[in-house]
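Chemist: There's a structure below that I have some questions on.
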């Protein structure tokens with residue numbers, strides 16, 4: 001029987017890696033650790049009742065709604081984010097959409113074009129509709 005092993009990325013367990021040369025069209029459901037260095041055009045969400053962490057690298061881009069317990073962003077997201085546990089916006093993070101969060105950490109240099117909305121205890125874990133991309137209008141986003 002094969003045993004599933006996780007590797008590690010910046011202290012986080014990685015079960016799945018989407019490399020920089022990968023472009024995925026469609027929705028992606030996962031559990032465990034997912035690192036995205038490529039592009040996803042579609043919804044990214046955690047399997048119900050499973051722990052999940054999404055790490056979006058500097059070169060990564062997600063165009064769609066993200067609905068994952070733990071979200072770590074250092075790339076671009078064009079759509080709403082719902083992090084039922086925690087969201088971290090690293091210095092090169094660019095988010096065009098609303099962020100629904102329980103705990104948020106935003107580093108200097110991160111850009112948010114949207115609203116931060118705190119999730120109350122017991123609030124259902126379903127994401128809002130995606131918003132149109134507005135990041136290209138920001139001068140610093142063109143250099144990202």
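Chemist: Got a sec? Which of 77, 62 is closer than 20 Å to residue 118 by Cβ and either outside any strand (DSSP E or B) or at pLDDT 95 or above (or both)?
Modeler: Sole residue among the options that is closer than 20 Å to residue 118 by Cβ and either outside any strand (DSSP E or B) or at pLDDT 95 or above (or both): 77.
Chemist: Are there any pairs, at least 6 apart or on different chains, whose C-beta atoms fall under 7 Å, with the first in segment 81-105 and touching a residue at least 24 places away in the same chain (Cβ under 8 Å) and at positive phi and the second surrounded by fewer than 23 Cβ atoms within 10 Å (Cβ to Cβ) and part of a strand (DSSP E or B), and if so, which?
Modeler: 97/78
Chemist: Which of the strands (runs of 3 or more DSSP E) contained wholly in segment 99-144 include at least 3 residues that are closer than 28 Å to residue 47 by Cβ, within 15 Å of the chain's Cα centre (by Cα) and modelled with pLDDT of 95 or more?
Modeler: Those strands (runs of 3 or more DSSP E) span 99-101, 104-106.
Chemist: To continue, here is another question. Here are some conditions: (1) at pLDDT 95 or above; (2) under 25 Å from residue 119 (Cβ atoms). Residue 24 meets all but one. Which one does it not meet?
Modeler: That leaves (2) as the condition not met.
The values are calculated or read from the model by the stated rules, or taken from the named source; none is laboratory data. Please read these numbers as outputs of a predicted model, since none were measured by experiment. With ideal geometry, Cβ positions are generated from the backbone for all residues, glycine too; neighbour counts draw on all protein chains shown.
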